[in-house]
Every structure is written in structure tokens, then in C-alpha cells.
1. Taking A:THR352, is it under 27 Å from the mean Cα position of the chain (by Cα) and either closer than 30 Å to A:SER196 by Cβ or not basic (Lys, Arg) (or both)?
2. Looking at (1) more than 8 Å from chain A (Cβ to nearest Cβ); (2) assigned to a helix (DSSP H, G or I), which is the one condition that is false for B:GLU106?
3. Residue pairs, Cβ under 6 Å, 6 or more apart or interchain, first in segment A:1-17 and within 11 Å of another protein chain (Cβ to nearest Cβ), second hydrophobic (A, V, I, L, M, F, W, C) and not in a loop (DSSP other than H, G, I, E, B). List them.
4. Please specify each residue of segment B:45-71 satisfying the condition of being buried (at least 18 other Cβ atoms within 10 Å of the Cβ) and within 23 Å of the chain's Cα centre (by Cα).
5. Step by step: first the residues of segment B:25-36, then only those that are of a type in the set (D, E, K, R) and outside any loop (DSSP other than H, G, I, E, B), then the one that is surrounded by the most Cβ atoms within 10 Å (Cβ to Cβ). Which residue is that?
6. So which of B:LEU70, B:LEU50 ends up being in contact (Cβ under 8 Å) with a residue 60 or more places away in the chain and of a type outside the set (Lys, Arg)?
7. For segment A:271-291, enumerate the residues that are in contact (Cβ under 8 Å) with a residue 12 or more places away in the chain, under 18 Å from A:ARG316 (Cα atoms) and not charged (D, E, K, R).
8. Between a residue in segment B:86-108 that is under 15 Å from B:ILE130 (Cα atoms) and free of Cβ contacts under 8 Å to residues at least 40 places away in the same chain and any residue that is among the acidic types (Asp, Glu) and crowded, with 24+ Cβ neighbours inside 10 Å, which pairs come within a Cβ distance under 9 Å, given they are 6 or more apart or on different chains?
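The values are calculated or read from the model by the stated rules, or taken from the named source; none is laboratory data. Values in this document were obtained by computation on a predicted structure and should not be read as measured data. In this analysis, Cβ positions are derived from the backbone assuming ideal geometry, glycine residues included, and neighbour counts consider all displayed protein chains.
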Protein chains: 2
Amino acid sequence: MALIVQKYGGTSIAGPERIKKVARRIIDTKKRGNRVVIVVSAPGDTTDELIKTAQQITPSPSEREMDMLLATGEQMSSAFLAMAIHALGEEAVSLTGGQVGIVTDETFTNAKIRRIDTRKIEKELSNDRIVIVAGFQGITAERDITTLGRGGSDLTAVALASVLRADQCEVYTDVAGVYTADPRIVSDARKIDRISYEEMLELASLGAQVMVPRSIHVANKFGVDIHVRSSFSDEEGTVITREVSRMEEVVVSGVAYDKDMVKVAITDVPDRPGIAAKIFGALGKEKVNVDMIIQSSAVGAGVNSISFTVARGALRKTLDTMEKVKQEISAKGIVYDDGVAKVSIVGVGMRTHSGVASKMFSALAQENINIEMISTSEIKISCVIKEKDTEKAVRAIHRKFGLGKAPGKGRK
Amino acid sequence: MALIVQKYGGTSIAGPERIKKVARRIIDTKKRGNRVVIVVSAPGDTTDELIKTAQQITPSPSEREMDMLLATGEQMSSAFLAMAIHALGEEAVSLTGGQVGIVTDETFTNAKIRRIDTRKIEKELSNDRIVIVAGFQGITAERDITTLGRGGSDLTAVALASVLRADQCEVYTDVAGVYTADPRIVSDARKIDRISYEEMLELASLGAQVMVPRSIHVANKFGVDIHVRSSFSDEEGTVITREVSRMEEVVVSGVAYDKDMVKVAITDVPDRPGIAAKIFGALGKEKVNVDMIIQSSAVGAGVNSISFTVARGALRKTLDTMEKVKQEISAKGIVYDDGVAKVSIVGVGMRTHSGVASKMFSALAQENINIEMISTSEIKISCVIKEKDTEKAVRAIHRKFGLGKAPGKGRK
């Protein structure tokens, strides 16, 4: 008898009708002869509403109390779903993270899972019950309630699939899987059947909002295959897995974009050793994540210009930090541009294929799109461009690499 | 240093502004040199909304899952209140019933408290923190979440006050205390300063919706004085206590009414032993609570008529049960009247005073109000009348006993 872990996101269970529909899908899974463990997110907008009320009480609520508050959303969902399953005549039991025994450290609002006690779940499964676990939450050794941060319910599902040695881990969401590009921008974007953890990590960090990197890291570490699929259809989605065997000619898997970025430039920095260390050391101390960095020097001029990108939410902190180090590094000016975006191509095939970068650049050139910064890794090439050109760029690159056509069917 | 338990009801903490106001009151209490334990209900309409959604999923949700669901309301309140206290610069910590260690039996939706572990609360108090406990909930030995039933948060407060040997137990609500009659009906209804557990029990069961009988029973058993007062003012409320010393002439404490009742009559029942036992035995088996019972027989006729009252919600079940026993007891007809109500006077002074009943009856007679049923106990006299006469009756009785005047000030 196979063990299947299914995770349902907030939109999948927003409202009684959707909850009932999900309940039927779960029962179908069980009736096909499987043991089933379900992980649920908070219903619809519940979390946002709780955060809104908390903000009306105080602009900076205590993190322990935020976790105490937000954990109620998933607890509600788990109870609602158990009720819906009961109403259809099957046995089910809801459990909070604490009741399961998902023990975390004490980093409230962003806790790390330390260990999971599987006894309670295994006991309920052996009683032929569907087990419904409130996602996103755990409990400290002191029994304080914690939450796992963004994408925490996915993490609960992947972690449970790992410790329970589940045969499958299905993540149900409101999209049908991982696409070669954002289908809202590229009309012939194609659903990818299988993708490697590495590629998915790059796509996730580049703004393809299917799963946050953390869950994929954990899945990779423990070898859990994740099947991302839609809760609104029976269609197969995308399997994120270790080994992806595919036709040689598939070089690029997908095109991603990210508009949540600002370019910051420090001009007229003396060309001396240790300057970059000072700048990025100061930012690191302030916990600002820097994405791309470019240093350019006019030969013989003795001065450099250093540009880097950060998330928009980190701009204020970045500028404050730069003002502090400006004197120390004898820089002249600090400028920023929040009208930029990043487009990227991702694919493990790139490792062994040459000419991929130039193909991407020429796609952008043909559309008269100026490239401001470039960064490359073994499986990714990113370009910073003007934000207004984002959609045009994604479409041009997607077309250039023939991503709209099925793999192995005459791709150039 | 005194220990004070305060309980705040749903209306007291409905919305950010009220939560902040309550937080200030709590901090004031602590700053007067007290240790403070707070019990909170769910905010405003949260519980009703959760029940509504559950009903949309299934008309008969599992009781375990209802408790899992409803316990979130109080958990939210406790977190919100802790945040508000932090924002004002004081230390506070919220705890669920399970985190405190309020261990109950397994009667989901109406659990009984078995024991309370005071260690966690005492530890937090010794760290100079305000402890905020989510009311209405507990946990079984198996760590399933339970709720305590109607008025459960009051019960949490009284039980905590008892085990912690608190110096005071204050129950904050949206009324200023216990009145001699419903102030919405009787304009000169007077707030009672002190009232005995016994009288409060009678008033509560008679429809004065200040506290449910269960909490008062527990308070009585463990000798906890309850101070019922308004969260919207600093005025003293009503202390419910064991010993109430007062002027000899105070005979009647208050007038209560109850419209949630139906009168059911079984006509032409043969005058044989065992008939009443059959009727009320059958109702007892169906868990129908019968309030007043009157049996009248026409002398020599050999037939009786039996009338009794039940809550409106129990009418359907009552009639079904009566249809079943009708044949067995050879009764002719079953009729009911849902246009009735009960008015009652309550007072420990009645025990030693004669003429109280006749004074009540004459108050009703002067208003031309017909009495359909009468029941008396040592500290209570109740009359069933037409529902439409309720307000008139309450006013007449209140006036007749001079309840609007302060005790000891020339009452007749």
C-alpha cells in the first residue's frame, strides 16, 4: 500500500465548495488503495486578514505572538477539511504541527524543523484514517508555537514525505505546473513534465512563484520527488526530481523574470583592494541580500564604479548602509534605479552547449532591448534590463529558444 | 503582591481599538502592584463565523473537529492582546489551554476540566509577565483539543482563579453587573452590589444572561468570589460571593424572565400510577430537559392533564417522543403553546418571609395578567404567563417589591 503526501494551498481550499471538492479528491486517492497524509495551508485570505488586524494593534508585533496568531489559519483549514471528509463517509483526523510533533528551533516566524515525531501520524494511518496536518507550523521544545516562514506548508509536506518515506509528494496549487515561461505573458508557454531540483531552484529564485527554494533544497537533500499540479483538474503537472532524462537538444528549460529588484550604483570608487569587501561586508551585516554585482573600471583612471541589485524592500536599508560606508571608501556618489527587472534562462543543458548566451543576447538585441548587467552560472544566464521591456524580452527569448514546442519535436 | 484573574468577553475585545483599551486596563492593574492572569474569549463574531462555515461544509460536523476549529478563536484573541500589551511596553505571553495544561475529559464541545497544571503560568508570572490564557479550551490526555461548552471562558477564569488561589476574579463583560431586572425593560432597574451564588444560579438559569450556571457552581464549590463588571467603565460591578450580609428587609433580589420556552400539554391521561414516570422517563432518555411540570386532575373524573415546559429548541424532539408514548399511556391529545414566557423573583430572603408569593401574584393580577403555571423553590417563585405580557409583568413585579430603590432606604 503506497503512502501519498498531498499538500493543498490556500486557493485550493478557499470556501466550503472548494474544500468539499478537495475532500473528494483525497477520498479518491485513498480508495485507489493508498494511505494518505494531507498538509493544508490557511484558507484563502485568512493569513492576510490576521496580519492586517495585528498591524492595526501595533506596527511591530512580537514574533512569538505572530506565530501564535498565524498558526490558527492552518488549524482552521485542517478542521474544515476533516469535516468535509467525514461528511463523505471516510475517517479523518486533523492535527496541529504541535500535535504531530514537528519540533523546530526557536526562530519565531521563520523556524527550522529540528525533528518530526512520526508516531502519532503512523498510529492514525494504521487506524485507516486520513491524516490532515496543519501546514506551516511547528512547536519548540518548550511547546511554544512556531511558523516556518514563506512557503512553510510546502516545507511541511516535503519534510513529512521524507520522514514517512512517502511514495509520492503532491503539491496542489492554482497553476497546472511549472511552465517554460509565465503563461500570462507568453501565450504558447508549455508545461514542463519533469524538471531537476537545480533548475527549479534557479527558476524559483528568479521569480517563478511555484515553490520557494527552501522546500526544494529539502526535497533535493532527502531525494523527495515533488509533483506540482492543479487542484482544479486531473491533469498531470510537473515532477521536480533528481534525474531528468531528456533529449539531448533540450538546452534551456524555461525563461523567468523578476521585477522585485533595484539597481544601486556607487560611482567614482578609488581602485584599491578591499573596497568591495567593505561595501558588501557592511550590507551582509545588515542582512541585505545582494543578487548581482558588477564592477567596471576605466583603464588607467584609477576609479571604479560598482553596481549591484537588491530586492525593493531592502532599498532603504541599503542606502542607509551606503551612506555610512561612503566616507570610508571615498566614493563620490550613490545612485539607484528602481525601473529595472531581470530576465533569465535556466537549463542543465547549458553546461555542455556553447552559444546559449549569445543566442539570448541576440534575442534581446533584435527587440532593441539594452542589457545593463549580466550574470551567469552553470545552469543560468540573467540579464538586467529596463522594467518596461520585461514582457517583450520574455516573449522574444521564449521564441528564440523554441520553448513553445514539445521537446524532441523538431526544435532548432 | 495580590494575584488577579481577569476575564474579557468577546465584545470587550472586538476590534483593535477595544483590544488596546483592554491592554491599558490590564497594565493599570499590574502597575498597581498585582500579578495578573488574563482569560480571553474569541473576538466578536469569530466563533459564529467559524460555525457558519462548518455548517456549509456539513450539517453535522464531527465534535472533535469543531473543537479543533473553534479553539482558534480564543488563540487569536490571546495573541492580539499580548501584542497590544507589548506595544505599551509591558511583558506578556499568550498561552493556549493546551500550553497551560488545562486537562479535560474527552467530551468534545462540552468537556469537563480534570486538572490544571499551574507550573507554566507560575513560571511566567515569576518572570514578571502578564499571562494571557485562551479561554474556553483544554486538551485531553491524548493532546486532542477540547472546548468547554457555553460560557467556557468564564469557567476557565473561575477554575484558574481557584487553582492559582487568586485574590480576585474579575469577569469583564458588556453590562455593568447584575441588575434587579433587565434594564432594557425596567428603567429604574438597580445594579446589585453583592449577590449570593445561589441567587445568581437562579437568575442565570432564569434567563439573566450574565454568567452560565456552570461557572457559578464551580465558583461556589471552590469559594471563588466573582466580580462581574463592565470593560467599558471603571465602575464597580456585582460581586457574586458566598456570604451576602444585608438589611433584613431585602427579601427579593431581582426579577428575571425567560422567553425561550414552550408549554406542552397532554390531555385526558388516565389517572393511573406510573404515567408521569413513563412520560418524563421517555423525555429524559432523549435528553430533553423539562423545566416546570403541572398535573391537574378533575376530581372523580379519572383523567388527568399533564403540562410541562421545555426550551423551544427541544420542541420537535418532545413532540416526537410524545407521539411514541401517547398510545402506551392512552392519552387523547398533545397540544403545545409557544406563546408563553416565565417571570420569576429570586431572593434568599424569601426563606424567612411569608407573603412573598401572594405579593407577586397580586402584582400580576393588578395588570390583568393570567398565570398559567406556578413553581416555587426556597429562593425562587416562577409564573408562566402569555409571552406578550412579559415586559408588563416584569415592570409590575419590580415596582411592587420596590426593587428600584437602594436597599435599606425606606423599602416597604
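1. Spelling it out, A:THR352 is indeed under 27 Å from the mean Cα position of the chain (by Cα) and either closer than 30 Å to A:SER196 by Cβ or not basic (Lys, Arg) (or both).
2. (2)
3. That search, which allows pairs on different chains as well, returns A:ILE13/A:ILE19; A:ILE13/A:VAL22; A:PRO16/B:ILE57.
4. Within segment B:45-71, B:THR46, B:THR47, B:LEU50, B:MET66, B:ASP67, B:LEU70, B:ALA71 qualify.
5. Our first condition is that a residue be of a type in the set (D, E, K, R); within segment B:25-36, this holds for B:25, B:28, B:30-32, B:35.
From the residues that got through so far, the ones that are outside any loop (DSSP other than H, G, I, E, B) too are B:25, B:28, B:30-31, B:35.
On the way: B:ARG25: 17, B:ASP28: 12, B:LYS30: 18, B:LYS31: 10, B:ARG35: 23.
Only one residue tops the list, namely B:ARG35.
6. Unique residue meeting the criteria: B:LEU70.
7. The answer is A:ILE279, A:PHE280, A:ALA282, A:LEU283, A:VAL288, A:ASN289, A:VAL290.
8. B:HIS86/A:GLU65; B:VAL93/A:GLU65
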